[in-house]
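Undergrad: Before we start, here is the structure in question, set down as structure tokens.
The values are calculated or read from the model by the stated rules, or taken from the named source; none is laboratory data. Nothing here was measured: the structure is a model prediction, and the numbers come from that model. Every residue, glycine among them, receives a Cβ derived from its backbone with ideal geometry; neighbour counts consider all protein chains shown. Calculation scope for accessible area: heavy atoms of the full protein, side chains included, ligands and nucleic acids excluded. Shrake-Rupley method; radii C 1.70, N 1.55, O 1.52, S 1.80 Å.
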Amino acid sequence: MFLVDDEIVIRENMRTCIDWEKEGFEYCGDAPDGEMALPLIEKLKPDILITDIRMPFMNGLELSAIVRKMLPGIKIIILSGHDEFEYARQAIRIGVEEYCLKPVSAEDIIRVLKIVSAKDHPHEEKRAPAGVADRAGFLGDDLPDQPGIDRAGYMEFLKVGTPEQKETHIRRIAQDLRNVDWESSLYGFFLLHDLTVSVFREAKEQFGEHVRPDDWLQEMKSRISSIRSWEEACAYLGRLAELFWHWRSQASDRYGALIARVKQYVQEHYGEEGLSLNDAAKHVNVSPSHLSKVFSQVTGMTFIEYLMETRIKKAMELLLSTGAKSYEIASRVGYQDSHYFSNVFKRMTGMTIRDFRKRGRVEPPELRREGGRH
């Protein structure tokens, strides 16, 4: 028997408060939601699945429908605190054996399990007994090696990539997914579900009120469930990227005027040594914390990084167009400590001030962003 329920108290009580061996059952594992349950169910192949209905991202009915296709002989028991006909109707359509309303006692569970286990399922297949999973197994730590996706590379591409680069970058990032069996294994679907949750979470954190995951979850889940090839998986990752950029564009449109004012303020005051985020926030009449968050969302860099980049660019112009000493230029761009200015200049340009002047070219090298002291 395998249990899926997002309430940890229910999982722990079910696991520890029933003498499973005495009752003639083996408790082979549990999971807090459908997406974490899928690879474990595929591995353990339990005879009976008990699942709650209301769970994050993939609910119990969706999980049951997928598992029914994967393991036609599995027997499914639905637990729910929602006494609604529609849930029961969907459960019957999927082919679940029992539909129980919470709260249920240990006696109720044992009674239902014995009833279900005694039934002959029309699609019953002979399978080797599922192995016992330890606590690490419940979390998926002992799953066999599987093809993966460059998650860090994909998330970074969402932040700095462009639509023109989409196809090339995604095909490279998702190269290992070529080895996924999209017809008979659920691992690829689990991987994309998990990545989608991470992208939605990142978007919500970056773009706040502009992101409404509930408006898009159903469409994205439907797209995932229809994937049958690597090319279709890449197309899905492209659609997910477009959605992220859509939210980014909405945030940029709303705060564009505000950021423009902040940038103009920096251009006019970069030479002041004590210039800070607080000064800029006061100038545009918003809180420093709000400005910090919005500035990063829209520009992709922190306020301090932008200030430092502005100062170093101005210093580069002065170094090439005047004969001023380095300490004089440092002072003019807001650095009273000339030694610190020299260190910052080298870190961001890759050259010393002397080498930069010797280079004698107007085209500046690409600056390296770096936070910290400004």
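Undergrad: Give the residue, chosen from Gly274, Gly334, Gly323, that is farther than 30 Å from Ile224 by Cβ and in contact (Cβ under 8 Å) with a residue 60 or more places away in the chain. Spell out the reasoning first.
TA: Working: Gly274 fails: in contact (Cβ under 8 Å) with a residue 60 or more places away in the chain; Gly323 fails: in contact (Cβ under 8 Å) with a residue 60 or more places away in the chain.
Criteria check complete, one pass: Gly334.
Undergrad: Name every residue in the range 29-69 that is more than 23 Å from Lys114 (Cα to Cα), part of a helix (DSSP H, G or I) and touching a Lys or Arg at 6+ places or on another chain (Cβ under 9 Å), in order of residue number.
TA: The one that is more than 23 Å from Lys114 (Cα to Cα), part of a helix (DSSP H, G or I) and touching a Lys or Arg at 6+ places or on another chain (Cβ under 9 Å): Glu62.
Undergrad: Here is a further query. Could you list, in sequence order, all residues of the range 155-183 that are under 30 Å from Ile66 (Cβ atoms) and in a loop (DSSP other than H, G, I, E, B)? Reasoning before the result, please.
TA: Of the residues in the range 155-183, the ones under 30 Å from Ile66 (Cβ atoms) are 155, 157-158, 166-167, 169-183.
Listed by number, the residues that qualify are Ala174, Val180, Asp181, Trp182, Glu183.
Undergrad: Further, regarding this structure: With (1) of a type in the set (D, E, K, R); (2) modelled with pLDDT of 85 or more; (3) open to solvent by less than 50 Å² (accessible area, probe 1.4 Å) as the list, and Glu97 as the residue in question, which single condition is left unmet?
TA: Of the numbered conditions (1) of a type in the set (D, E, K, R); (2) modelled with pLDDT of 85 or more; (3) open to solvent by less than 50 Å² (accessible area, probe 1.4 Å), the odd one out for Glu97 is (2).
Undergrad: Considering Cys17, Cys28, which residue is touching a residue at least 24 places away in the same chain (Cβ under 8 Å), open to solvent by 10 Å² or more (accessible area, probe 1.4 Å) and within 17 Å of Ile110 (Cβ to Cβ)?
TA: Criteria check complete, one pass: Cys17.
Undergrad: Answer yes or no as to whether Leu177 is modelled with pLDDT under 80, surrounded by 14 or more Cβ atoms within 10 Å (Cβ to Cβ) and of a type in the set (A, V, I, L, M).
TA: On the way: modelled with pLDDT under 80: no; surrounded by 14 or more Cβ atoms within 10 Å (Cβ to Cβ): yes; of a type in the set (A, V, I, L, M): yes.
No.
Undergrad: Now a separate question. Please go through the range 325-341 and give me each residue that is open to solvent by 80 Å² or more (accessible area, probe 1.4 Å) and closer than 15 Å to Glu273 by Cα, ordered by number.
TA: So in the range 325-341, the residues open to solvent by 80 Å² or more (accessible area, probe 1.4 Å) come out as 325, 327, 332, 336, 339.
The answer is Tyr327, Arg332, Gln336, His339.
Undergrad: Based on what the data block shows, is Ser198 of a type outside the set (D, E, K, R), within 30 Å of Tyr306 (Cα to Cα), open to solvent by less than 50 Å² (accessible area, probe 1.4 Å) and in contact with a Lys or Arg (Cβ under 9 Å, 6 or more places away or on another chain)?
TA: Numbers: of a type outside the set (D, E, K, R): yes; within 30 Å of Tyr306 (Cα to Cα): yes; open to solvent by less than 50 Å² (accessible area, probe 1.4 Å): yes; in contact with a Lys or Arg (Cβ under 9 Å, 6 or more places away or on another chain): yes.
Considered against the rule, which asks whether it is of a type outside the set (D, E, K, R), within 30 Å of Tyr306 (Cα to Cα), open to solvent by less than 50 Å² (accessible area, probe 1.4 Å) and in contact with a Lys or Arg (Cβ under 9 Å, 6 or more places away or on another chain), Ser198 comes out as yes.
Undergrad: Let me ask something additional. Could you figure out which of (1) without any contact (Cβ under 8 Å) to a residue 60 or more places away in the chain; (2) open to solvent by 60 Å² or more (accessible area, probe 1.4 Å); (3) among the hydrophobic types (A, V, I, L, M, F, W, C) isn't true of Met36?
TA: (1)
Undergrad: Looking only at helices (runs of 4 or more DSSP H) that lie completely in the range 262-324, which have at least 1 residues being surrounded by 14 or more Cβ atoms within 10 Å (Cβ to Cβ) and of a type in the set (Asp, Glu)? Give the derivation first.
TA: Numbers: elements: 277-284, 288-299, 303-321.
By residue number, 277-284, 303-321.
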